[in-house]
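Trainee: Before anything else, here's the structure in question.
The values are calculated or read from the model by the stated rules, or taken from the named source; none is laboratory data. Since the model is a prediction, treat every value here as computed from it, not as a measurement. Please note: Cβ atoms are built from the backbone with ideal geometry, for glycine as well, and neighbour counts cover all protein chains shown. Ligands, DNA and RNA are stripped out before the accessible areas are found, and what is left, the full protein with its side chains, is counted by its heavy atoms. Shrake-Rupley method; radii C 1.70, N 1.55, O 1.52, S 1.80 Å.
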Amino acid sequence: MRRLLIAGNWKMNMNLSSAKSLAEELKKETQGITTIDVAACPPFVYLTAVTEILAGSKVGVGAQNGYFEKEGAFTGEVSMGMIREIGCQYVILGHSERRHVLHESSEEVNLKTHAALAQGLTPIVCVGELLAEREAGVTDAVIRRQFDGSFSGLTAEQMKKTVIAYEPVWAIGTGKVATPEQAEEVHVGIRNLITERYGKEVADIVRIQYGGSVKAENAKEILGKPNVDGALVGGASLKIAPFMGIIQAAD
Ligand code: 13P
């Protein structure tokens, strides 16, 4: 049985005070959670404050990106070692906003995935098609290309330590959630890709989250699908009540 992972991607939201308050509320409200994993992914500048508050709680902390080089003259970048050092367990990589707004390639995501694993971080690697790609019937090909590019060169042991987030770009921040059937279909396709490359044992272990307009109201139905192993939540993770609604649906 794969343990569900509900992760909140705060994106470029919050301020120091609201980030700390939400972390305090999360710590308190998740005390009774035992059957699932929960994580919060604040902007870089709030990571230290949030990891301090959530240390010893049920909630892990992740960064929203990280650079693949260990150190050096890379102005504006933050290394995986730095992220690990301050107490994070996770790092989101290749989010569609990074792929499409900041033109990040699967090759870069691959380097970052290797770097994250080398530092003992769990990479949450995002894949997902654009609306035009879905309408053109090329969703499978897009996911395969992103999967092959992002996970190239990983050993089976490394693959087991990754989390994949399927986020159809047309469902992100639009209120247009994929149907549970649409999500399950792509999740099965991703699990088949893992089986092809690494065998069934690895494929059965890797968690595949769904992301895109997940809310307390639709969480149960989506998370009820056998190959949906959690959610990567944007908007609904910024306030305690909607995020706890999703956590409780998962638990
Ligand atoms: P929303 O939940 O706001 O649609 O965002 C999804 C997402 O991009 C999470 O990474």
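Trainee: Quick one: is Thr174 touching a Pro at 6+ places or on another chain (Cβ under 7 Å) and in contact (Cβ under 8 Å) with a residue 12 or more places away in the chain? Walk me through it before giving the result.
Mentor: Numbers: touching a Pro at 6+ places or on another chain (Cβ under 7 Å): no; in contact (Cβ under 8 Å) with a residue 12 or more places away in the chain: yes.
So Thr174 does not fit the description; no.
Trainee: If you take the residues in segment 218-237 that are farther than 15 Å from Thr174 by Cβ and polar (S, T, N, Q), which one is least open to solvent (accessible area, probe 1.4 Å)?
Mentor: Among those residues, the one meeting the criterion is Ser237.
Trainee: Whether any residue in segment 205-217 is under 14 Å from the mean Cα position of the chain (by Cα) and away from the ligand (no atom under 16 Å from the Cβ) is what I want to check.
Mentor: Yes; the residues of segment 205-217 include at least one that is under 14 Å from the mean Cα position of the chain (by Cα) and away from the ligand (no atom under 16 Å from the Cβ).
Trainee: Name every residue in segment 105-133 that is out of contact with any strand residue (DSSP E or B) (no Cβ under 6 Å at 6 or more places or on another chain), within 16 Å of the ligand (Cβ to nearest atom) and open to solvent by 30 Å² or more (accessible area, probe 1.4 Å), in order of residue number.
Mentor: Matches in segment 105-133: Leu130, Leu131.
Trainee: Next question. Exactly one condition in (1) under 29 Å from Trp10 (Cβ atoms); (2) surrounded by fewer than 18 Cβ atoms within 10 Å (Cβ to Cβ) is not met by Val186; state its number.
Mentor: (2) is the only condition that Val186 fails.
Trainee: Based on what the data block shows, is Thr179 more than 13 Å from the ligand (Cβ to nearest atom), on the phi < 0 side of the Ramachandran plot and surrounded by fewer than 18 Cβ atoms within 10 Å (Cβ to Cβ)? Working first, answer last.
Mentor: Values: more than 13 Å from the ligand (Cβ to nearest atom): yes; on the phi < 0 side of the Ramachandran plot: yes; surrounded by fewer than 18 Cβ atoms within 10 Å (Cβ to Cβ): yes.
In short, yes.
Trainee: State all residues of segment 177-209 that are touching a strand residue (DSSP E or B) at 6+ places or on another chain (Cβ under 6 Å) and either without any contact (Cβ under 8 Å) to a residue 24 or more places away in the chain or within 18 Å of Gly137 (Cα to Cα) (or both); if no residue qualifies, say none.
Mentor: The answer is Ala183, Val186, His187, Ile190.
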